[in-house]
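The values are calculated or read from the model by the stated rules, or taken from the named source; none is laboratory data. Please read all numbers here as calculations on a predicted model, not as lab measurements. Cβ placement follows ideal geometry from the backbone for every residue including glycine, while neighbour counts extend to all protein chains displayed.
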Amino acid sequence: MGLFKKQKDPVVEMEKDLVHEGNEMEHDIQADVDAVMKKYDRESNTRVWEGIPKTMLRALMASFSVYCILMTLFSKALPERRLSLFLGFIVIIGYLVYPAKKGDTRVNHVPWYDWILMVLGAGSFFYFAINAFSIIQLATKLQPIHIVIGTIGILVLIELCRRCVGLPILCVLCALLIYTFYNQLSWDPSFYKALKNIVYKLFYTTSGVIGTPVSVCYTYIVLFIIFGAFLERTGIANFFISFANRLAGWSSGGPAKVAVISSALCGSLLGFYALYNRHPAKCFMGDTGSLFLGGAVAALAFAFDMPLVLIPVGIIYILETLSDIIQVGYFKATHGKRFFKMAPLHHHLERCGWSEVKIVTVFVSITAVFCLLAYYGIRGRYL
């Protein structure tokens with residue numbers, strides 16, 4: 001009987017051992033990568049959840065995903081109510097996922113102060129969502145309880161941003177808040193009125209924390225992330241990647257293809273504006289075209305992995321913005337005096353007697369010079 005016993009193939013066994021060792025090596029590498037990411041990347045520094053709490057957290061996130069989809073597709077509630085509910089859930093999930101400091105590896109552990117911050121922060125946004133209509137009618141005539149609730153919600157959200165992004169965002173926010181308080185107190189020395197106005201603008205209107213960025217995140221970004229995760233988990237994403245590789249994987253890409261896009265944009269602008277729309281212009285670009293072109297320039301800079309080139313390329317836009325900041329700051333500091341005759345900078349030049357043609361010519365020339373300087377600064381990178 002031993003003669004008919006199936007013998008193990010040494011080649012097959014060797015292949016199994018190699019596969020097993022490869023899997024172990026890949027697991028170790030992934031563990032090392034995760035450790036490095038948690039050390040240096042703030043967004044990767046998350047709590048450790050295991051067992052039933054991990055399942056409950058996943059269920060909460062899945063419910064939140066379904067909620068976002070349903071609210072985006074079918075809800076006709078006030079924007080203030082929808083966005084406040086959205087941020088309330090974000091606060092709950094954020095404090096369950098991100099610890100207060102790096103290196104917290106305790107399993108299924110949330111400190112007591114995080115529970116307090118989570119309840120207070122989420123409760124603030126839920127309170128506004130429930131009473132949105134009546135609070136909107138009050139406008140700036142807020143009651144002290146509304147100011148307290150708004151202040152708590154803002155501070156809890158700032159702390160969550162620090163945990164997710166890091167300390168620099170906290171410094172920027174503090175600087176902006178200090179400037180805002182200074183601006184309010186320069187007009188009225190009452191601290192209570194300044195606090196009421198700031199809380200009203202930041203918390204109870206769509207120009208604050210529930211403004212356009214959160215609206216875009218709630219309406220589009222979250223849905224793209226949800227569907228992207230769905231495609232990845234179901235394997236459909238690999239199908240699209242393989243399909244694209246079959247179609248165009250044989251060709252070399254990279255900067256050359258990005259250069260084709262930028263050249264096409266440049267050629268279309270030169271052909272239309274330089275040839276058919278020269279002075280006196282008959283067609284003026286609106287927000288749709290100008291915002292697209294600005295976004296395209298920024299995207300191309302990041303696609304080439306050289307975002308700092310935006311500084312010399314956009315020097316005119318930086319000067320225009322700085323002229324506004326200087327004008328407002330000087331006006332506040334001197335109680336009514338103006339640094340420029342009018343801001344932004346091109347209006348000041350108009351008041352000085354410059355014609356529109358002269359301003360455009362000078363600005364284009366300055367931009368061209370700085371673009372050449374930027375080109376000579378980075379030409380060795382790809383040439």
- Could you run through the stretch 320-341 and say how many residues are crowded, with 16+ Cβ neighbours inside 10 Å and either of a type in the set (Gly, Ala, Ser) or closer than 21 Å to VAL362 by Cα (or both)? 3
- Task: Go through the stretch 185-209 and count every residue that is within 23 Å of GLN137 (Cα to Cα) and assigned to a helix (DSSP H, G or I).
- Result: 12
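Conditions tested, residue by residue: (1) in the same structural domain as PRO144 (by TED's automatic domain parsing); (2) loosely packed, with under 12 Cβ neighbours inside 10 Å; (3) closer than 29 Å to GLY103 by Cβ.
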| position | (1), (2), (3) |
| --- | --- |
| GLY166 | yes, no, yes |
| CYS171 | yes, yes, yes |
| ASP188 | yes, yes, no |
| ILE198 | yes, no, no |
| THR205 | yes, no, no |
| GLY208 | yes, no, no |
| GLY211 | yes, no, no |
| TYR218 | yes, no, no |
- Task: Restrict the check to the stretch 232-254 and report whether at least one residue is modelled with pLDDT of 80 or more and β-branched (Val, Ile, Thr).
- Result: no
- Look through the stretch 132-147, keep the residues that are modelled with pLDDT of 90 or more and surrounded by 13 or more Cβ atoms within 10 Å (Cβ to Cβ), and return whichever of them is nearest to LEU177 (Cα to Cα). ILE147
- State the number of residues belonging to the stretch 323-348 that are part of a helix (DSSP H, G or I) and touching a residue at least 12 places away in the same chain (Cβ under 8 Å). 9
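Which residues, counting only those in the stretch 298-324, are among the acidic types (Asp, Glu) and more than 23 Å from LEU345 (Cα to Cα)?
Applying the first criterion (among the acidic types (Asp, Glu)) to the stretch 298-324 yields 305, 320, 324.
ASP305, the sole residue that qualifies.
Quick grid of which residues meet (1) within 19 Å of ALA281 (Cβ to Cβ); (2) exposed (fewer than 13 other Cβ atoms within 10 Å of the Cβ); (3) at pLDDT below 85:
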{"site": "ALA343", "(1), (2), (3)": "no, no, yes"}
{"site": "HIS346", "(1), (2), (3)": "yes, no, no"}
{"site": "LEU349", "(1), (2), (3)": "yes, no, no"}
{"site": "CYS352", "(1), (2), (3)": "no, yes, no"}
{"site": "ILE359", "(1), (2), (3)": "yes, no, no"}
{"site": "VAL362", "(1), (2), (3)": "yes, no, no"}
{"site": "SER365", "(1), (2), (3)": "yes, yes, no"}
{"site": "ALA374", "(1), (2), (3)": "no, no, yes"}
- Message: The conditions are (1) of a type in the set (Phe, Trp, Tyr); (2) under 18 Å from SER84 (Cα atoms); (3) without any contact (Cβ under 8 Å) to a residue 12 or more places away in the chain, and PHE125 fails exactly one of them. Which is it?
- Response: (3)
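Looking at the structure I just gave you, is LEU85 in the same structural domain as LYS193 (by TED's automatic domain parsing) and within 18 Å of SER215 (Cβ to Cβ)? First the steps, then the outcome.
Numbers: in the same structural domain as LYS193 (by TED's automatic domain parsing): yes; within 18 Å of SER215 (Cβ to Cβ): yes.
Yes: the conditions hold for LEU85.
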- Task: Using the structure shown, decide if GLY150 is assigned by TED's automatic domain parsing to the domain that holds TRP49, crowded, with 18+ Cβ neighbours inside 10 Å and not acidic (Asp, Glu).
- Result: yes
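What about LEU300, is it farther than 20 Å from ALA264 by Cα and either in a helix (DSSP H, G or I) or touching a Pro at 6+ places or on another chain (Cβ under 6 Å) (or both)? Lay out the reasoning, then the answer.
On the way: farther than 20 Å from ALA264 by Cα: no; either in a helix (DSSP H, G or I) or touching a Pro at 6+ places or on another chain (Cβ under 6 Å) (or both): yes.
Taking the combined requirement at face value, the residue does not satisfy it.
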